[in-house]
Amino acid sequence: MRAMHIRLINPNSTASMTAQALDSALRVKQKETHVSAANPVDTPVSIEGQADEAMAVPGLLAEIRKGEGQGVDAYVIACFDDPGLHAAREVAQGPVIGICQAAVQVAMTISRRFSIITTLPRSIPIIEDLVEDYGAQRHCRKVRAIDLPVLGLEEDPEVAEALLRREIEAAKREDAAEAIILGCAGMSSLCDRLRDATGVPVIDGVTAAIKLAEALVGAGYSTSKVNAYDYPRVKGPALVACA
């Protein structure tokens with residue numbers, strides 16, 4: 001029996017962030033699971049807003065199609081905005097898991113109230129919309145931001161950790177949060193230290209998504225091809241109108 005193969009895809013083009021997310025995945029995967037990672041090369045260096053998301057989706061879908069030709073069993077989209085998630089599910093046979101959706105599901109399982117801490121304030125409404133889409137608005141107390149760009153997490157991890165600790169303590173005190181979700185894949189390396197320092201469950205979406213992928217593939221589940229997530233219809237070239 002061949003090993004389960006999960007492909008972690010970072011939709012931005014920063015290879016060091018891909019490596020960091022892969023490291024987090026490798027720490028929690030089962031021994032027999034094979035996890036590989038990829039990122040497009042022609043997408044934004046970080047995803048911070050709707051325009052960045054839109055520019056990242058074609059490269060993401062190309063990586064999914066590549067994985068389909070390589071026998072990949074499941075995919076993890078390693079960006080907390082879950083860009084292109086539904087489109088990717090149309091392209092893939094196996095499960096496609098967004099790290100926001102996975103983290104929210106874990107948070108609702110282990111707590112009644114949770115808060116999410118992301119990077120920039122502009123990401124707050126995007127994440128609030130996702131929380132509503134995932135049916136978790138009653139449980140999510142607040143989406144907070146540390147006002148640090150995504151690439152700043154790598155450039156100064158000590159500052160990032162201090163800012164996250166401050167917001168976690170505020171979420172415990174002001175939101176009555178019983179768990180915290182880290183709202184960026186670039187925060188994954190800080191998860192264990194933050195959990196130990198604050199005494200509250202801190203959820204990393206990469207970890208949550210990898211374990212969910214293993215569970216779904218292990219149980220024999222694949223993406224439904226009935227209606228919504230059916231494969232895209234084959235279409236001919238666009239017709240160009242002549243004047």
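The values are calculated or read from the model by the stated rules, or taken from the named source; none is laboratory data. Predicted model, so just to flag it, every value in this text is computed and none were measured. Note that we place each Cβ from the backbone using ideal geometry, even for glycine, and neighbour counts take in every protein chain shown.
So, residue 196, is that one closer than 30 Å to residue 217 by Cβ and of a type outside the set (A, V, I, L, M) or not? Here the answer is no, as residue 196 does not meet what is asked. Please work out if residue 30 is of a type outside the set (Val, Ile, Thr), farther than 21 Å from residue 151 by Cα and touching a residue at least 60 places away in the same chain (Cβ under 8 Å). For residue 30, the condition - of a type outside the set (Val, Ile, Thr), farther than 21 Å from residue 151 by Cα and touching a residue at least 60 places away in the same chain (Cβ under 8 Å) - is met.
Is it fair to say residue 40 is buried (at least 24 other Cβ atoms within 10 Å of the Cβ), within 16 Å of the chain's Cα centre (by Cα) and closer than 26 Å to residue 126 by Cα? Criteria not met by residue 40.
Just to confirm my filter: which helices (runs of 4 or more DSSP H) fall fully inside region 142-243 and include at least 2 residues that are under 30 Å from residue 3 (Cβ atoms)?
191-198, 205-218
Scanning region 156-170 for residues that are at pLDDT below 95 and under 21 Å from the mean Cα position of the chain (by Cα) turns up at least one hit.
Restricting 113, 122, 65 to those that are out of contact with any strand residue (DSSP E or B) (no Cβ under 7 Å at 6 or more places or on another chain) and over 22 Å from residue 5 (Cα atoms) reduces the list to 122.
Which helices (runs of 4 or more DSSP H) sit wholly inside region 1-118 and have at least 2 residues that are assigned by TED's automatic domain parsing to the domain that holds residue 155? Even if it seems obvious, please write down each step before you answer.
Working: elements: 15-28, 50-69, 85-91, 99-110.
Hits in region 1-118: 99-110.
Summed over region 163-195, the residues that are more than 16 Å from residue 114 (Cα to Cα) and touching a helix residue (DSSP H, G or I) at 6+ places or on another chain (Cβ under 8 Å) give a count of 7.
Here are 147, 133, 175, 129: which of them is among the charged types (D, E, K, R) and at positive phi?
Numbers: 133 fails: at positive phi; 175 fails: at positive phi; 129 fails: at positive phi.
Result of the check over 147, 133, 175, 129: 147.
Please indicate, with yes or no, whether at least one residue in region 196-215 is surrounded by fewer than 18 Cβ atoms within 10 Å (Cβ to Cβ), in the same structural domain as residue 26 (by TED's automatic domain parsing) and of a type in the set (A, V, I, L, M, F, W, C). Checked region 196-215: at least one residue is surrounded by fewer than 18 Cβ atoms within 10 Å (Cβ to Cβ), in the same structural domain as residue 26 (by TED's automatic domain parsing) and of a type in the set (A, V, I, L, M, F, W, C). Taking the numbered list (1) acidic (Asp, Glu); (2) surrounded by 17 or more Cβ atoms within 10 Å (Cβ to Cβ); (3) touching a Gly at 6+ places or on another chain (Cβ under 9 Å) in turn, residue 68 passes all entries but (2). The lone criterion from (1) closer than 24 Å to residue 113 by Cα; (2) surrounded by 22 or more Cβ atoms within 10 Å (Cβ to Cβ) left unmet by residue 150 is number (1).
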